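First up is the structure itself, then whatever we jot down about it.
The values are calculated or read from the model by the stated rules, or taken from the named source; none is laboratory data. Just so it is clear, the model here is predicted, and its values are computed rather than measured. Cβ placement follows ideal geometry from the backbone for every residue including glycine, while neighbour counts extend to all protein chains displayed.
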């Protein structure tokens, strides 16, 4: 088997099926990553969404016995919506899904491309052994792509490509075929620290190290009460955060619309907030089930939408928030609604919180109601 020729054929075929970048690396242990993961655990910086042990995440041969190489792919996604996309207006406030959740779920799209690549390889090499992964697998997509020369890791911990900046989705294919590896790219951040300085919560501890417990992108996906220190930072985000990407010099004027699957749908990428409060499970799945931001279900999105309405001080949402505070069976939603009502700060809202406290029995919800009422004192002091 001529692996050099096969490698070139794979590269050519990847372009035919819409893969924007491809790179090859060995299946050797990711030694540096293993140390970094260990350090993240010691510091308590992990998100809790990580899959597998440190060994499984850094030793490809544990995932595919006999592995020799890993093929990394990247597909670019848009960074801008069309100019006439709907804007958030008074009484019609909108939330915002991060760019990585625009269009069709990228897991499905990249898995489709990788499976095509997999079939192509098996047609060429009948005894080839392969394993496809997209984000939800044990391996770090970024670490694989970095070692395969697809891009370099920026100080914001995202992979940055020369052509598409960091607006790329990543996936990989492990195989027993011994391809000649590509060379990694040199770090391109230099002395720049714009992402570190711009992070709303200080989650980027230093260049290349992220405290996921403070990262808005991860916090928007949690299902419990959002710690209060982050609520004012959330703004109108209902899922994810793009701040560290938007300030990156490597991303300026970068906006690629190569793939129709990734094009944003106006009312999905920027949904009206008030309808999110009462959306049913079925409606949520029908409207948002095809995007990656729906993977945690509607509860985190609803919680974030409630906080967003408080951020906007949207008085037109008071009646709906009162209804939720009084009737929703989920403590996190009731409590967050009470907090948001206090943030909006009308007398009707404060009176409703006081009345609701008389029948509320959940201590966490009562604590949030007290926080909501505390906004009245803040108003009076500014008075």
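Numerical summary
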{"item": "Filtered residue count, region 254-302, keeping only those that are farther than 30 Å from residue 314 by Cα, touching a strand residue (DSSP E or B) at 6+ places or on another chain (Cβ under 9 Å) and in a loop (DSSP other than H, G, I, E, B)", "result": "5"}
{"item": "Every pair of residues 6+ apart whose Cβ atoms lie under 7 Å, when the first sits in region 286-304 and is without any contact (Cβ under 8 Å) to a residue 40 or more places away in the chain while the second is surrounded by fewer than 16 Cβ atoms within 10 Å (Cβ to Cβ) and assigned to a helix (DSSP H, G or I)", "result": "298/281"}
{"item": "Unique residue being modelled with pLDDT of 95 or more and touching a strand residue (DSSP E or B) at 6+ places or on another chain (Cβ under 6 Å) when the list is 119, 94", "result": "94"}
{"item": "Failed condition for residue 299, given (1) over 12 Å from residue 220 (Cβ atoms); (2) modelled with pLDDT of 95 or more; (3) surrounded by fewer than 21 Cβ atoms within 10 Å (Cβ to Cβ)", "result": "(1)"}
{"item": "Pair list, Cβ under 9 Å, 6 or more apart: region 37-50 residue in contact (Cβ under 8 Å) with a residue 24 or more places away in the chain and on the phi < 0 side of the Ramachandran plot, other residue surrounded by fewer than 12 Cβ atoms within 10 Å (Cβ to Cβ) and in a helix (DSSP H, G or I)", "result": "45/39"}
{"item": "Residue within region 97-106 that is outside any loop (DSSP other than H, G, I, E, B) and free of Cβ contacts under 8 Å to residues at least 60 places away in the same chain present", "result": "no"}
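Okay, residues lined up against (1) surrounded by 17 or more Cβ atoms within 10 Å (Cβ to Cβ); (2) assigned to a strand (DSSP E or B); (3) out of contact with any helix residue (DSSP H, G or I) (no Cβ under 6 Å at 6 or more places or on another chain):
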| site | (1), (2), (3) |
| --- | --- |
| 155 | yes, no, no |
| 160 | yes, yes, no |
| 177 | yes, no, yes |
| 181 | yes, no, yes |
| 184 | yes, no, no |
| 189 | yes, no, yes |
| 196 | yes, no, yes |
| 201 | yes, no, no |
